[in-house]
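*Asks:* For reference, the structure I am asking about is given below.
The values are calculated or read from the model by the stated rules, or taken from the named source; none is laboratory data. This structure is a prediction, so every number in the text was calculated from the model and none was measured. Cβ: placed from backbone, ideal geometry, glycine included. Neighbour counts: every protein chain shown. Heads up: the accessible areas ignore ligands, DNA and RNA and are worked out on the full protein's heavy atoms, side chains in. Shrake-Rupley method; radii C 1.70, N 1.55, O 1.52, S 1.80 Å.
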Amino acid sequence: LPVIVEESGNGSTLLNGHLSRNNPHWRAITGPSDTVAIFQGPHSYISPSWYETKAETGKVVPTWGYIAVHAHGFLEVIDDADWVRGHVTALTDLHEANRSQPWAVSDAPDDYITVMLRGIVGVRLTVERMEGSWKLNQHRSKADLQSTIAGLYGEDEQQSHELGDEMAEALAILQDQHK
């Protein structure tokens, strides 16, 4: 579900999105409902064969590296045509901004957009708390971290490369903390 993050006037974080009216989930929201939105960052399998420790002790097992954020709060439906139009326009503008010839909602005939917007409903999560979780093997030795990063970069999946980037950044932070 694509969302736009917005700060409210009272300092709350809002996650604004939309669902198809054909999606039955929005009808289950009968009032502000306690909800969690999960944002999954890069993740990948970590082979124990990458660890330097494997050669030294053999005491290694596979694991999974990941980054995730959980946004806890209250979800509500916003069934208001003007709000939905503003949201879709903002979402489109955000994703078209870096294109050489950005498309805008106003590029389509207004009556067509009006019909299309009838097919969606807005949703808003007012965030009460955020929890981040990451498992980047930060408990492993520097040698194991370096060899794991190299292993991730050797994989074919983009997720593995992205996780390797995050592990490299975490390693740099850990090294700075020990100076």
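*Asks:* Kindly indicate which of V115, V123 is of a type outside the set (D, E) and either open to solvent by less than 70 Å² (accessible area, probe 1.4 Å) or touching a residue at least 40 places away in the same chain (Cβ under 8 Å) (or both).
*Replies:* Every option except V123 fails the conditions.
*Asks:* Taking T148, is it without any contact (Cβ under 8 Å) to a residue 60 or more places away in the chain, assigned to a helix (DSSP H, G or I) and out of contact with any Pro (no Cβ under 8 Å at 6 or more places or on another chain)?
*Replies:* Criteria not met by T148.
*Asks:* Do the conditions hold for T89, that is, is it open to solvent by less than 30 Å² (accessible area, probe 1.4 Å) and either in a helix (DSSP H, G or I) or closer than 30 Å to V36 by Cα (or both)? Before the answer, list the steps.
*Replies:* Working: open to solvent by less than 30 Å² (accessible area, probe 1.4 Å): no; either in a helix (DSSP H, G or I) or closer than 30 Å to V36 by Cα (or both): yes.
The answer is no for T89.
*Asks:* Residues G65, G58: which one is under 30 Å from Q138 (Cβ atoms) and either touching a residue at least 40 places away in the same chain (Cβ under 8 Å) or open to solvent by 50 Å² or more (accessible area, probe 1.4 Å) (or both)?
*Replies:* G65
*Asks:* Does any residue of the stretch 101-111 turn out to be touching a residue at least 60 places away in the same chain (Cβ under 8 Å) and of a type outside the set (F, W, Y)?
*Replies:* The answer is no; no qualifying residue exists.
*Asks:* Within the stretch 1-43, work out how many residues are out of contact with any Ser or Thr (no Cβ under 9 Å at 6 or more places or on another chain), modelled with pLDDT of 90 or more, part of a loop (DSSP other than H, G, I, E, B) and surrounded by 11 or more Cβ atoms within 10 Å (Cβ to Cβ).
*Replies:* Summing the residues that are out of contact with any Ser or Thr (no Cβ under 9 Å at 6 or more places or on another chain), modelled with pLDDT of 90 or more, part of a loop (DSSP other than H, G, I, E, B) and surrounded by 11 or more Cβ atoms within 10 Å (Cβ to Cβ) in the stretch 1-43 gives 3.
*Asks:* Please state which one of E76, E96, E128 is within 18 Å of G17 (Cα to Cα), acidic (D, E), surrounded by fewer than 16 Cβ atoms within 10 Å (Cβ to Cβ) and in contact with a strand residue (DSSP E or B) (Cβ under 6 Å, 6 or more places away or on another chain).
*Replies:* E128
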